[in-house]
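**Student:** Starting off with a structure, shown below.
The values are calculated or read from the model by the stated rules, or taken from the named source; none is laboratory data. Bear in mind the structure is a predicted one, so any value in this text is a computation, not a measurement. Positions of Cβ are backbone-derived with ideal geometry, glycine not excepted, and every protein chain shown enters the neighbour counts.
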Amino acid sequence: MKEANAHLKALIEGLGDWGLEAFVYVPSSHSAPVIRGLEARGVKAVMANREEEAVGIAGGMALAGKKVAIVMQDNGFGNALTALGTFANSYHTGFPIFANTRGGLGEYNSMIHSISESVPDLLKRLSIRVENLGVSDSPEVWRSSTHAVAKLAQIQRRPIVTLFEALHPGLDIA
Amino acid sequence: MAKMTRIEALKVIDAEFASDPLVITCGATAREFASFSRRPTHLPLLDSMGLTTPVGLGIALGYTGNVGVVDGDGSLLMGFSILPTLAAYGPKNLTVIVLDNGQHASADLFESQAMHVNIAGAAKGLGIETYECETGDDLKSNIARSKNSNSVTVIFVKILQGNTPGIPFFLADPAQLGANFADALKSK
């Protein structure tokens, strides 16, 4: 288990600033430090088996008035598109989704880019706002952006996706 | 042998969940329900097949009172991975009712795999408290049992095949349905 680096810690802090009450996640080695960091803070966690399931659970919690987020990987959006379109967007359920990106520098999988590279366009075609956090952005920007995105999703009653760069915990680009 | 039509089962459910949040699966189920009862506490999912039980689980995790889900065998099969999630996290305030007619009645009456496999047995095998029934009286008493249970429960109800004729399309605005539902929960 790798601990969160400064950027991922900032993401966790940003969700704390918003007052996150619960999160739904689909397991990912890249997002693991975020998932474990939120659990360590005592935030209620629900593990979903598929991304559309996560959208349903998080959307239900949002309609019940909870501050809830999804943590997942960007290659799972293919599973989630119908749920995002017909439920989360159409029923105005407001929650942020934080998805680590795959297929970029440091990637070890030969084919994952074939879905991950298309994800921003797919989401935009569904009228889902997409924000980006890269390793060149400062941890301060990660924290403030995370808070602002979560707040905006709740105010606009829409899912908003943040795609964040998180290298595999086993890799080091230094 | 099934004894009730879908709309007869829905009338029992409507009476038993008259003031509780109820998530309703899409297609003919949502249309038939809306033809005789529309409440702010109803959340019909107009086109999200496979998502009814996940949404109900999310609501039950965020709300303290009883929550009901009306799912179908076809819809549950489309998102069958929710069953282990229910077993792992299912809160005791959640009752999932699966109206099982062994067919995708909203999709040209194609036979569903529930005709050939025991989906209630799968739920039981996962350790979920599961009831099975065929009559309105048994459905009513099972809902009462479920509301008094200390765990999530799934009630499988065998219903007759087909749809009630003459039911109009349900063309509500989902944004309005979502807002009314959220407001109803907030005021409780």
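**Student:** Of the conditions (1) at the interface with chain B (Cβ under 7 Å from one of its Cβ atoms); (2) in a helix (DSSP H, G or I); (3) closer than 18 Å to A:Ser127 by Cα; (4) in contact (Cβ under 8 Å) with a residue 12 or more places away in the chain, A:Thr86 clears all except one; give me its number.
**Tutor:** Single failed check for A:Thr86: (4).
**Student:** Is it fair to say B:Lys147 is touching a strand residue (DSSP E or B) at 6+ places or on another chain (Cβ under 8 Å) and touching a residue at least 60 places away in the same chain (Cβ under 8 Å)?
**Tutor:** Details: touching a strand residue (DSSP E or B) at 6+ places or on another chain (Cβ under 8 Å): yes; touching a residue at least 60 places away in the same chain (Cβ under 8 Å): yes.
Answer is yes for this residue.
**Student:** If you don't mind, another one. Could you please find all residues in the stretch A:120-157 being assigned to a loop (DSSP other than H, G, I, E, B) and aromatic (Phe, Trp, Tyr)? So that I can check it myself, show each step before the final result.
**Tutor:** Narrowing the stretch A:120-157 to residues assigned to a loop (DSSP other than H, G, I, E, B): A:126-129, A:134-138, A:157.
Correct list: empty.
**Student:** Here are A:Ala54, A:Ala10: which of them is more than 14 Å from chain B (Cβ to nearest Cβ) and assigned to a helix (DSSP H, G or I)?
**Tutor:** Details: A:Ala54 fails: more than 14 Å from chain B (Cβ to nearest Cβ).
Going through A:Ala54, A:Ala10 in turn, just one is more than 14 Å from chain B (Cβ to nearest Cβ) and assigned to a helix (DSSP H, G or I): A:Ala10.
**Student:** What do you reckon, is A:Leu81 crowded, with 20+ Cβ neighbours inside 10 Å and of a type outside the set (Phe, Trp, Tyr)?
**Tutor:** On the way: crowded, with 20+ Cβ neighbours inside 10 Å: no; of a type outside the set (Phe, Trp, Tyr): yes.
No.
**Student:** While we're here: Which is touching a helix residue (DSSP H, G or I) at 6+ places or on another chain (Cβ under 9 Å) and either without any contact (Cβ under 8 Å) to a residue 40 or more places away in the chain or under 29 Å from B:Thr64 (Cβ atoms) (or both), of A:Ile128, A:Ile70, A:Ile115? It would help to see each step written out before you state the result.
**Tutor:** Values: A:Ile128 fails: either without any contact (Cβ under 8 Å) to a residue 40 or more places away in the chain or under 29 Å from B:Thr64 (Cβ atoms) (or both); A:Ile115 fails: either without any contact (Cβ under 8 Å) to a residue 40 or more places away in the chain or under 29 Å from B:Thr64 (Cβ atoms) (or both).
Exactly one residue qualifies, and that residue is A:Ile70.
**Student:** Give B:Gly50, B:Gly74, B:Gly58 a once-over and let me know the one that is over 22 Å from B:Gln103 (Cβ atoms) and either within 13 Å of chain A (Cβ to nearest Cβ) or not in a loop (DSSP other than H, G, I, E, B) (or both). Walk me through how you get there before you give the answer.
**Tutor:** Numbers: B:Gly50 fails: over 22 Å from B:Gln103 (Cβ atoms); B:Gly74 fails: over 22 Å from B:Gln103 (Cβ atoms).
Step by step, each of B:Gly50, B:Gly74, B:Gly58 is checked, and only B:Gly58 is over 22 Å from B:Gln103 (Cβ atoms) and either within 13 Å of chain A (Cβ to nearest Cβ) or not in a loop (DSSP other than H, G, I, E, B) (or both).
**Student:** Within the set of pairs 6 or more residues apart or between chains, which connect a residue that is within 14 Å of chain B (Cβ to nearest Cβ) inside the stretch A:26-49 to a residue that is of a type in the set (Asp, Glu) with Cβ atoms less than 6 Å apart?
**Tutor:** A:Val26/A:Glu51; A:Ala45/A:Glu39
**Student:** I'd like the residue in the stretch B:97-135 that is part of a helix (DSSP H, G or I) and modelled with pLDDT of 95 or more and, out of all such residues, is nearest to B:Leu76 (Cα to Cα).
**Tutor:** Taking the stretch B:97-135 first, the residues part of a helix (DSSP H, G or I) are B:113-115, B:119-125.
Add one more test, that the residue is modelled with pLDDT of 95 or more, and what stays is B:119-125.
Details: B:Ile119: 9, B:Ala120: 11, B:Gly121: 14, B:Ala122: 12, B:Ala123: 11, B:Lys124: 15, B:Gly125: 16 Å.
Selected residue: B:Ile119.
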